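Asks: Take a look at the following structure, please.
Just so it is clear, none of the values below were taken in a lab; they were calculated from the coordinates. Since the model is a prediction, treat every value here as computed from it, not as a measurement. In this analysis, Cβ positions are derived from the backbone assuming ideal geometry, glycine residues included, and neighbour counts consider all displayed protein chains.
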Amino acid sequence: MPAVSMTVNGKAVTADVDPRTLLVQFLRENLRLTGTHVGCDTTQCGACVVHLDGVAVKSCTVLALQADGCNVLTIEGLAAPDGPLHPMQEAFREHHGLQCGFCTPGMVMTAVDIVRRKGHELDERTIRQELDGNLCRCTGYHNIVKAIAAGARAMKGA
Amino acid sequence: MTATGIGAAVRRKEDFRFVTGKGQYTDDISRPGEARAVFVRSPHAHAAIKRVDTAAAAAMPGVLAVLTGAELAADQIGHLICGWMIHSKDGSPMKMAPHPALAAGKVCYVGDPVAVVVAETLAQARDAAERIKVDYDVLPAVTDPAKAQAEPAIHEVAPRNTIYQWHLGDAKAVDAALRAARHVTRLDIVNNRLVPNAMEPRVAIGEYDRGNDSFTLWNTTQNPHVARLVISAFVRVAPEHKLRVIAPDVGGGFGSKIFIYPEEVVCLWAAKKVGRPVKWTCDRSEAFLADAHGRDHVTHAEMAFDEGGKIIGLKVKTIANLGAYMSTFSSSIPTYLYATLLSGQYDIPAIYCEVDAVYTNTVPVDAYRGAGRPEATFVVERLVEVGAREQGIDPAELRKRNFIRSFPHQTPVIMTYDAGDYQASLKKAMELADVKGFGKRKRESMRAGKLRGLGYSTYIEACGIAPSQAVGSLGCGVGLWESAEVRVNPTGSVEVLTGCHQHGQGHETTFAQVVSDRLGIPIEQVSVIHGDTDKVQFGMGTYGSRSGAVGLTAVVKAIEKVEAKAKKVAAFMLEAAEADIEFRNGKFTVAGTDKSAAWGEVALNAYIAHKFAGAQLEPGLKESAFYDPTNFTFPAGCHICEVEIDPDTGRTEIVGWTAVDDFGKVVNPMIVEGQVHGGVAQGVGQALLEKAVYDKDGQLVSGSLMDYTMPRAEHLPTLKVDTTVTPCPSNPLGIKGCGEAGAIAAPAAVINAITDAIGTEDLAMPATPQAVWAAIRRAASMQKAAE
């Protein structure tokens, strides 16, 4: 079994993995970081989104070995350990942008990436288009769109 | 109303763990020594099983066991059941085919589980599963519910694949109305089959403790106690008192996680056989085959009108596809949750509904958000809208002429509506939607080469499921009351244990709001506990929009008992008569004096018990209530959908959505609106995007998220959501419930809008761009032919 090394949420990790291991499995099962979720098997749903070297990726479609030497940020690493919530997390709570919470980590990680790429003033149409890769069955996206617009603005100060 | 009391938009307590990735969903749980299970499922829709060869699989690395239907039967594990008895017109009981958790003898749908591999790792289990060889004798598949009754029987017990032929209402009166009618509107309607697709796939972890001879099941269930009851009493995997069922955080259910499925049964059974915890996690493509589907009705309906546009009769004939086996509540969905709502918001003197439920070689069908009521609403609201168009009457005006205006109102289909004001919601919705300005907007669209349409859906539903005697008399095998226990701790904090279950509905917050409001204690001092049969006394779970109306009423009744006892304790403390004790805003006072005791002091005294003798009052402050509702509740409202269609591509854009719902009193308006948003999204999904498609061989062609179109953010508009309020008279909080309303109202509003835009009724759901484009062309060529 080949070895893989990466930095996850600021911590260096090394493990031997079956080469078929997906990054999402590595995070959830080897590292017990279960905040990143598996919602599908065709790369549609986005529940597994993490940041790989600063860019949002679907961790169900990345092999753990592909992340060798990379920096991975998961939902657990978004806010400081004993610190306040990240503005995007706070925005989701404030605007009721979640119900069952299962899609939420992926939504938040995608949202932070949208801000990185599109800036802090996001209109409704842009947000809706950018969420093409994130499915939610509970909220109808209504409050997710509101939360992301608010979170984007709040991230400006931070 | 306080900032955290009833009626306040309190932000949710549970959100911290969800936004930080600290939720505990069932797949997040790892039991020590856990083994992994993979199911082998039938690739054929209908086949005899000649042989299952497990030898090669059993020899693969890491494999602990390979189990089949034969071993299951040898261990005398019982069958899965449908718990609601429906009788046919001729009095005969429904034809419930035996449903083992692992197929033996034959398979009846693509996805029917045949064997399970248990191995050390998931990869090893998957590799071994591929080595199982099953010899099948493929049989012809029955796939079309409209034709199933003319095909050979799938199950011996059900000739002509007919499960039951049920009816409700007065056939003679309806036929007379049809003969006397000035106008009859006739429609043939297919209510398209849907796949629920909650974002969290199902998971089951079965664990056996040999020391205690006891079982634990972690499961993504909406109703842990019901699962425990069915698995122990009917499936007989473990005795009830030796089985603990835990539903931790659950990522959405929408009904699909109510039912007792093969996988949890097998995981429990296998755990004892291998002596290790056994975990199964459903893949998404597997979920398309393993989770119950929804809807799937074929209906012919006729609505009779008099010369004033008054509805004088409604006749409905429905064929309901229940799939290959009867799932846990399947029989009730197209009967008592469907036909009983065919009066809609209207005063209809005569209604008759016939329902034939059939078996086909497809995934079993059961409740999915709305469960019978979306189907009923679609039939009624399409008939009314089309009827209005055919008679040249404005659709809002036709509705007004037919609204029920006095309550209580006994419908001809069992339900007695308690309170409502349908006129008020229609009026408010029309104002918010600016119906008056529609003509101008339509002309603007036309100038841009687009078609614009407006559609109404004035829906009603029955929820707050349900009064036990009523449903019992209709064949339900269980009561549908709810339980609550309110435990006051010596330090004054409160734990509410509810038999309801949250999988997105926010009970940890709303239930705490009610307790905080009633007892006058800070909401931070209230915890809500659910989902564990070791902690919570028997409860019926969450579905049917029942947690507010039924679950919270049980909480209120328990609170009332707590208040009564606390007053007794306060009386001893304050040396006053019990009748003189007043309780308000967390303080007990002796009437007419300034003698008082705080909540916390009274709680502590109840447990320290120094101020009263055991003979006078039992120590402690904890009360329980089981609440059985006296009636269903009847949320109702008006949704108005406005669409703009590009005739060249058939693409529909929803340019306006207005929802005015009457949910009675509301505990948390933010959460209630969220339920409307989500319900509407699912209804729009049904109307525009979603369909579970089978080919003639019974293969599920739309078998993954690549082929089955889930609503995305781009498909949905921002909604205008408002309410009118007629409090529910049958529970103390005045709550009607809100969870399913959006999914019930929406499909009819969308299709009414699109057909308004394109000028033809010849359109089925889902109204994909292709379907709309084709409908426009068909109508144009028919128009041409007529000229």
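Asks: How would you rank B:M199, B:M415, B:M670, B:M1, going from fewest to most other Cβ atoms within 10 Å of each one's own Cβ?
Replies: Sorted ascending by nearby Cβ count, the order is B:M1, B:M670, B:M415, B:M199.
Asks: Please compute one quarter of the surface area of the Cα convex hull for region A:3-75 and express it in square nanometres.
Replies: 4.2
Asks: When the gyration tensor of chain B is built from Cα positions, what are the square roots of 5 times its three eigenvalues, in whole Å, from largest to smallest?
Replies: Output for chain B: semi-axes of 42, 38, 23 Å.
Asks: Which FRET efficiency value, to the nearest 0.05, do you get for B:K587 and B:F626 by plugging their Cβ-Cβ distance into 1/(1 + (r/R0)^6) with R0 = 30 Å?
Replies: In this case the efficiency is close to 0.50.
Asks: Then there's this: What FRET efficiency comes out for the pair B:H300/B:D697, r = Cβ-Cβ distance, R0 = 35 Å, nearest 0.05?
Replies: Once the sixth-power term is evaluated, E becomes 0.80.
Asks: Starting from the 7 Å offset along Cα-to-Cβ, what nm value, one decimal, do you get for the label separation of B:Q770 and A:A3?
Replies: 5.3
Asks: Kindly put B:C82, B:C500 in sequence by how many other C-beta atoms sit within 10 Å of each C-beta, fewest to most.
Replies: B:C82, B:C500
Asks: Treating only the Cβ atoms of Lys and Arg (+1) and Asp and Glu (-1) as charged, compute the dipole magnitude of region A:88-158 about its Cα centre; round to the nearest 20 debye.
Replies: Charge dipole, region A:88-158, about its Cα centre: 40 debye, nearest 20.
Asks: Could you calculate the contour length gain from B:D394 to B:A577, that is, 0.36 nm times the residue separation minus the distance between their Cα atoms, to one decimal place in nm?
Replies: Gain on stretching B:D394 to B:A577: 59.4 nm.
Asks: Then there is this: Setting aside same-chain residues fewer than 8 positions from B:K611, which aspartates and glutamates have a Cα under 15 Å from its Cα?
Replies: B:K611 reaches B:E575, B:E578, B:E601.
Asks: Express the relative contact order of region B:286-425 as a whole percentage, based on alpha carbon pairs under 8 Å and six or more residues apart in sequence.
Replies: After rounding, I find 29 percent.
Asks: What is the spin-label model distance, in nm, from B:F16 to B:K172 if the labels are put 7 Å beyond Cα along the C-beta direction?
Replies: Each label point lies 7 Å from its Cα, and together they span 6.7 nm.
Asks: B:H293: net charge of surrounding residues, Cβ under 9 Å, Lys/Arg +1, Asp/Glu -1, itself excluded?
Replies: Local charge sum for B:H293: -1.
Asks: Okay, moving on. Grab the eigenvalues of the alpha-carbon gyration tensor for region B:510-626, scale each by 5, take roots, and send me the semi-axes largest first in whole angstrom.
Replies: Value: 29, 16, 12 Å, ordered largest first.
Asks: Is any residue of region B:76-111 close enough, with backbone N under 11 Å, to a label point placed 7 angstrom from the Cα of B:A70 along the Cα-Cβ axis, and if so, which?
Replies: B:105
Asks: Next question, about the same structure. Just subtract the alpha-carbon distance of B:T649 and B:A785 from 0.36 nm times their residue separation and send over the number in nm, one decimal.
Replies: Using 0.36 nm per residue and subtracting the Cα-Cα distance, I get 46.6 nm.
Asks: Sticking with this one: Looking only at chain B, where both bridge partners belong to it, what percent of the DSSP beta bridges are antiparallel (to the nearest 5)?
Replies: Of those bridges, close to 80 percent are antiparallel.
Asks: Is any residue of region B:19-54 close enough, with backbone N under 15 Å, to a label point placed 7 angstrom from the Cα of A:D18 along the Cα-Cβ axis, and if so, which?
Replies: Flagged as within label range: B:34-39.
Asks: Identify the trypsin sites (Lys or Arg not before Pro) of region B:645-714 meeting these criteria: DSSP loop state and at most 10 other C-beta atoms within 10 Å of the C-beta.
Replies: Filter output for region B:645-714: B:K696.
Asks: Reported to two decimal places, what Rg/Rh ratio describes region B:636-756 when computed on Cα atoms with Rh from the Kirkwood expression?
Replies: Result for region B:636-756 is an Rg/Rh of 1.06.
Asks: Assign unit charges at the C-beta atoms only (+1 for Lys and Arg, -1 for Asp and Glu), then state the dipole size of chain B relative to its Cα centre in Debye, rounded to the nearest 20.
Replies: Its charge dipole is roughly 380 debye.
Asks: Which whole-number percent gives the relative contact order of region B:1-126, counting Cα pairs below 8 Å spaced six or more residues apart?
Replies: 38
Asks: How would you rank B:V471, A:V13, B:V230, going from fewest to most other Cβ atoms within 10 Å of each one's own Cβ?
Replies: Going from least to most buried by this count: A:V13, B:V471, B:V230.
Asks: Could you tell me which of the pairs B:K440/B:K665; B:K622/B:K665; B:K13/B:K720 are separated by over 30 angstrom between their Cα atoms in the structure shown?
Replies: Beyond 30 Å: B:K440/B:K665.
Asks: If you don't mind, there's one more thing I want to ask. What percent does the relative contact order of chain B come to when contacts are Cα pairs within less than 8 Å and at least six residues apart?
Replies: Computed value for chain B: 15 percent relative contact order.
Asks: Could you check the spin-label model distance between A:V55 and B:E120? Points 7 Å from the Cα along Cα→Cβ, value in nm.
Replies: Reported label-point gap for A:V55 and B:E120 is 3.8 nm.
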